[in-house]
Amino acid sequence: MLMLCITSPNVLWLSPSSSYHDNKAKPLKPSNGCIFFKPSIPSPLLSSNAGNSCVNFRVSATSLAGTSNREIVDKNAKIGEFCELGNLKNAVEMVCGSQRSELELVAYCSVLELCAGTKSLQDGKRVHSVICDNGVVVDGYVGSKLVFMYVNCGDLREARRVFDKLSNGKVFLWNLMINEYAKIRNFREGVYLFGNMQELGIQPNSYTFSCILKCFSALGCVKEGEWVHGYLYKLGFSSDITVVNSLMAFYFKNRRVESARKVFDELRDRDVISWNSMISAYVSNGLPEKGVEIFRQMVSSGIDVDLATIINILMACSDSGNLALGRAVHAYAIKACFNGDIMFCNNVLDMYSKCGDLSNAIQVFEKMGQRSVVSWTSMISGYVREGLSDEAIRLFCEMEENDVSPDVYTITSILHACACSGSLKKGKDIHKYITENDMDSSVFVCNSLMDMYAKCGSMEDAHSVFSRMPMKDIVSWNTMIGGYSKNGLPNEALELFSEMQQKSKPDSMTISSVLPACASLAALDRGQEIHGYLLRNGYFLDQYVANALVDMYVKCGVLVLAQLLFDMIPVKDLISWTVIIAGYGMHGFGREAIAAFNDMRNAGIEPDSISFISILYACSHSGLVDEGWRFFDIMRSDHNIEPKLEHYACMVDLLARTGNLTKAYKFINMMPIEPDATIWGSLLCEAEKWEEVKKLRERIGRRGLKKDPGCSWIEIKGKVNIFVAGDTSHPEAKKIESLLKKLRLRMKEEGYNPKMQYALINADVVEKEVALCGHSEKLAIAFGILNLPPGKTIRVTKNLRVCGDCHEMAKFISTTSRREIVLRDSNRFHHMKDGNCSCRGFW
C-alpha cells in the first residue's frame with residue numbers, strides 16, 4: 001500500500017503507509033433543527049488548503065511495474081515529464097491520444113493535478129472525459145484528484161457530483177468540501193456534510209474542527225458549537241493549538257466571552273496567535289480594557305509580539321482612550337522596525353486621533369511616506385472629533401488635490417464635518433461628488449447626507465435624498481424624524497412617524513426622536529399613544545427614551561405624571577435632572593426646582609451651563625431673588641462656568657420681575673457681554689414702558705430682523721388646530737368671534753377693562769379692543785370651549801409670551817366655564833383654575 005500525502009494544493013508525494021483505523025463517532029444531533037438538512041441542488045465546493053492530510057489507495061502490480069511494452073512505459077514517463085515542466089497542453093494531448101491500456105493511474109492524476117494548479121477547467125474536463133471513456137473507476141486516488149481539480153478550478157457543483165459518488169471515506173476530502181462551502185458562505189451545507197461524516201463514522205481531524213466551528217459561528221449555533229467543544233476534547237484535541245484557537249474564535253463571535261476566556265486559560269502551550277486572538281476578540285466585543293490586560297500578561301509571559309499584536313493593542317488603546325500605553329507601544333514598534341508598514345501607521349494615527357492627541361496624529365500623518373485613503377480618513381475624522389471642522393474640510397480638499405479617491409468612510413466623515421460647522425455649500429459639493437461617482441446607492445452615505453442637511457437646517461434637501469432612496473433602514477427614518485423635530489417642524493415629524501409605522505418597526509431612537517415633536521406641539525394625546533407603544537416594547541429602560549418622555553409630559557403640562565416617570569428612572573443622568581428642574585421652573589414651582597437641583601448635586605452629578613440656565617429660570621419665574629443670586633455665584637465659584645448671554649438674561653429677568661429695575665439696569669451695564677434685544681426687552685416689558693417697546697420693535701424691523709408672528713394651537717382628537725392673530729379664515733371663525741364678544745361683554749359687566757397697552761398698534765380704543773380679541777391664544781381657547789366636552793381641560797400652546805390681556809381673560813374664562821385652562825407660552829406654563837393662575841404674576 002502507498003500513501004498520497006497532500007501538503008499544499010500543488011505538492012504531493014508517495015510514501016509507505018501504516019494501517020489506518022477509523023473510530024466510529026456518535027452522530028451530531030442539532031438542538032434546534034436548523035442545521036443538518038439536505039440541499040435540493042448540490043452546492044459548489046471549497047478550498048484547496050485542506051491541511052496535511054493523507055489518502056490511502058491501492059495500485060495493482062501491473063500498473064506500478066508497467067507493461068513489458070517499452071513504448072507504453074515511455075508514454076507514461078513522458079506525460080510525467082510534461083507535468084513536471086508545467087507543459088499542460090502536451091500532457092493533455094498525450095492523455096487524450098492514448099488508449100486505455102497505455103495509461104497508468106498516476107498519469108491521469110499527474111495531469112489532473114497540473115490542471116488544478118493552473119486552474120484550467122477546460123483541460124480538466126477533457127481528462128475527466130477520457131477517464132470515463134476508458135472505463136477507469138472514478139474512486140480512490142483518481143476520484144480524489146478529480147474533486148480537487150474541480151474545486152481549484154471553481155466548478156464546485158461538478159466537484160460535489162464527483163464527491164457524492166466516491167466510496168473513499170478519508171477525512172481530507174470531507175475537510176476540503178466543508179471548507180469550500182464555508183468560503184462561499186453556504187455554512188449550512190458544510191454542517192450537513194459534517195453530519196454525514198458523523199453518520200459514516202469518519203473521525204474528524206484538527207482541520208475538520210476548525211472548519212465546522214467556523215460554520216457554526218457564522219450560523220450562530222451556540223449549542224451545536226458547544227457540542228463540538230466537548231467532542232473535540234473527548235477525541236484529545238484539547239491541546240491542539242489550531243483547534244483551540246478556532247474554538248476561542250467561535251465563542252467570541254457569538255459573544256460568549258467567558259467561555260472563550262476559560263478555553264484560553266486551560267490552554268498550556270499558547271502561541272502568538274492565541275494571544276492575538278484573545279486581544280482582538282476582546283476589542284471587537286467592546287472590552288478593550290480586557291484586551292490590554294491580556295497584552296500585559298502576554299508580555300509578562302515572555303511571548304514575542306508580532307505586527308498583528310501591535311495593531312490589536314493599538315486598537316485597544318484607541319477604544320479605551322489609553323494614550324500612555326499607546327505611546328509606549330508606538331515607541332516599541334519603531335524600535336522593532338514595524339513603522340514601515342502602512343497598516344501599522346494608520347492604526348497609530350487612529351490611536352492618537354481617538355485619544356485626543358491631535359498634534360502627534362498630525363506628526364505621524366506628515367511623516368508617512370505612503371498614505372492610503374484610510375490615512376486621510378483617519379486624519380479628517382480626528383479633526384472632526386476635536387471640533388475642527390474647517391480643518392477637516394481643508395484636508396479633504398488637499399486629499400482631492402493629491403488624487404486620492406475618497407471611500408464611503410471618507411465621505412461620511414467629511415459630511416459630518418460639514419454638519420458640525422453648518423457648511424451647507426461644501427456639503428452640497430460633496431453631494432454632487434456622491435452623485436457623479438454613483439455612491440448614492442449606499443444607505444450609509446445617504447443617511448450621512450440627510451444628517452448633514454438636517455443639521456444645516458435644510459430639511460427640503462434632506463427629504464429629497466430620503467425620497468429617492470430605494471431602500472431605507474431604521475437610521476434613515478430616525479434621521480428624518482429627528483431632523484424635523486430639531487428644525488421646528490413637529491407636524492412633519494409626526495406625519496413621517498405615522499408613515500414609518502406602516503413600513504418599518506420604530507426602535508428606541510425613533511421614539512426619542514419623535515417625542516420632542518409631541519412636546520413641541522403639546523400634543524398630549526399623540527404623546528400618550530407613543531407612551532403606550534414604548535411601554536409595550538420595553539423602551540422605557542432606554543435612558544434617552546425615558547428622558548424624552550418626561551420632557552414630553554412636562555411640556556404638555558402634565559407635571560404630575562412627568563414627576564412620577566422621573567422617579568421611575570433607575571439611573572438618572574444630567575439630562576434627566578435638567579429636564580425635571582426645567583419642568584418645575586416652567587410650571588412655577590421654584591422651590592421644588594431648587595430641591596431637585598440640590599438632590600442632583602448630592603447624587604454626584606456635576607451640573608453644566610444648561611442646568612444653571614434651568615435653575616436660574618426657575619428662580620426667575622417664582623420671584624426667588626436671593627436664591628437666584630446664590631446659584632449665579634455658585635456657577636462661577638464652585639463649578640468654574642463662565643456665564644453666557646442666557647445666564648445674564650435670566651438674572652435681568654429675575655431682577656425686573658421682582659421690581660428691582662435699577663439693579664437690573666446697573667447689572668446690564670456691568671455685563672462683560674454685549675446685551676441683545678432679549679435682555680433689553682425683558683427690562684422694558686416688565687417696566688411696562690410700552691412706548692419704548694414699540695420703538696424697540698421698530699428698530700428691530702429697520703435692521704431687517706423679523707419677529708415671529710404670534711400663533712397658538714390646540715390639540716383636539718389627535719388633530720392640531722393652529723390659530724394666527726387676526727386670522728378669520730378658520731371654518732369656525734364666526735362662532736369663535738361671537739363667543740369671544742360675549743365673554744368680553746360679560747367681563748366688562750363685572751368691572752374688567754381691557755388692557756389696551758398690549759395691543760401695540762397705532763389705533764383708537766375700539767380698534768385696539770378688536771385687536772386684543774383677535775389674539776391667537778384667545779381664538780384657541782374659544783375653539784376649545786366650542787369643541788371639547790364640558791369640564792375637559794383646555795390645553796393651549798403659544799409660540800410667544802402671552803400678553804397681559806389674554807392672561808386676564810383666560811383666568812376669567814376658567815371661572816365662567818368651570819374648567820381648567822393650561823396655557824403654555826414661550827416662557828412658562830400658566831395653570832388657570834377658578835380665576836387664579838399658577839404663575840402668580842411672574843411670567
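Worth pointing out:
- Among the criteria (1) within 19 Å of Val73 (Cα to Cα); (2) assigned to a helix (DSSP H, G or I), the one Val136 does not fulfil is (2).
- Among the helices (runs of 4 or more DSSP H) confined to region 438-546, there are none with at least 1 residues that are at positive phi and in the same structural domain as Cys556 (by TED's automatic domain parsing).
- So Phe589, is it modelled with pLDDT under 95 and closer than 23 Å to Phe566 by Cα: yes
- Residues of region 498-525 satisfying the condition of being touching a residue at least 40 places away in the same chain (Cβ under 8 Å) and either among the aliphatic types (A, V, I, L, M) or more than 20 Å from Asp825 (Cα to Cα) (or both): Leu521, Ala522, Ala523, Leu524
- Failed criterion for Tyr553 (all others in (1) surrounded by fewer than 20 Cβ atoms within 10 Å (Cβ to Cβ); (2) at pLDDT 95 or above; (3) of a type in the set (Ser, Thr, Tyr) hold): (1)
- When Val228, Val191 are screened for being closer than 27 Å to Trp275 by Cα and touching a Phe, Trp or Tyr at 6+ places or on another chain (Cβ under 7 Å), only Val228 passes.
- Count of residues meeting criterion [without any contact (Cβ under 8 Å) to a residue 12 or more places away in the chain and aliphatic (A, V, I, L, M)] in region 478-497: 0
- Filter pass, Val571 being at pLDDT 95 or above, farther than 24 Å from Asn827 by Cα and among the β-branched types (Val, Ile, Thr): no
- Options Leu788, Leu745, Leu760: the member that is at pLDDT below 85 and surrounded by fewer than 19 Cβ atoms within 10 Å (Cβ to Cβ): Leu760
- Among the conditions (1) surrounded by fewer than 22 Cβ atoms within 10 Å (Cβ to Cβ); (2) small (Gly, Ala, Ser); (3) in contact with a Pro (Cβ under 6 Å, 6 or more places away or on another chain), Ser504 misses just one, which is (3).
- Taking every residue in region 95-112 that is outside the structural domain of Asp74 (by TED's automatic domain parsing) and pairing it with any residue that is part of a helix (DSSP H, G or I), at least 6 positions away or on another chain, yields no pair with a Cβ-Cβ distance below 7 Å.
- Flag if Met809 is crowded, with 16+ Cβ neighbours inside 10 Å, assigned to a helix (DSSP H, G or I) and either at pLDDT below 80 or not acidic (Asp, Glu) (or both): yes
- Boolean, Leu314 is within 24 Å of Ser274 (Cα to Cα) and either in a helix (DSSP H, G or I) or of a type in the set (S, T, N, Q) (or both): yes
- Helices (runs of 4 or more DSSP H) within region 147-252 that include 3 or more residues under 28 Å from Glu266 (Cβ atoms) and either under 42 Å from the mean Cα position of the chain (by Cα) or not acidic (Asp, Glu) (or both): 171-183, 187-200, 206-219, 222-234
- Residue in region 343-352 that is touching a Phe, Trp or Tyr at 6+ places or on another chain (Cβ under 9 Å) and under 22 Å from Met278 (Cβ atoms) present: yes
- Out of Leu193, Leu156, sole residue that is free of Cβ contacts under 8 Å to residues at least 24 places away in the same chain and crowded, with 17+ Cβ neighbours inside 10 Å: Leu193
- First in region 394-420 and loosely packed, with under 14 Cβ neighbours inside 10 Å, second anywhere and at pLDDT 90 or above and assigned to a helix (DSSP H, G or I), Cβ under 8 Å, 6 or more apart: Ser405/Val373
- Residues within region 771-806 that are closer than 13 Å to Phe723 by Cα, of a type in the set (S, T, N, Q) and assigned to a helix (DSSP H, G or I), tallied: 1
- The one condition in (1) over 38 Å from the mean Cα position of the chain (by Cα); (2) among the small types (Gly, Ala, Ser); (3) more than 19 Å from Asn827 (Cβ to Cβ) that Ala664 fails to fulfil: (3)
- On inspection, Arg526 does not qualify as modelled with pLDDT under 95, of a type in the set (Lys, Arg), surrounded by fewer than 20 Cβ atoms within 10 Å (Cβ to Cβ) and over 21 Å from Phe466 (Cα atoms).
- Candidates in region 791-806 are the residues that are over 19 Å from Gly583 (Cβ atoms) and modelled with pLDDT of 90 or more; of these, the one that is surrounded by the most Cβ atoms within 10 Å (Cβ to Cβ) is Ile794.
- The numbered conditions (1) on the phi > 0 side of the Ramachandran plot; (2) touching a residue at least 40 places away in the same chain (Cβ under 8 Å) are all true for Gly585 except (1).
- Among (1) free of Cβ contacts under 8 Å to residues at least 40 places away in the same chain; (2) not charged (D, E, K, R); (3) not in a loop (DSSP other than H, G, I, E, B) - the single one Val571 does not satisfy: (3)
The values are calculated or read from the model by the stated rules, or taken from the named source; none is laboratory data. This structure is a prediction, so every number in the text was calculated from the model and none was measured. So basically every Cβ, Gly included, is an ideal-geometry build from the backbone, and we count neighbours across all protein chains shown.
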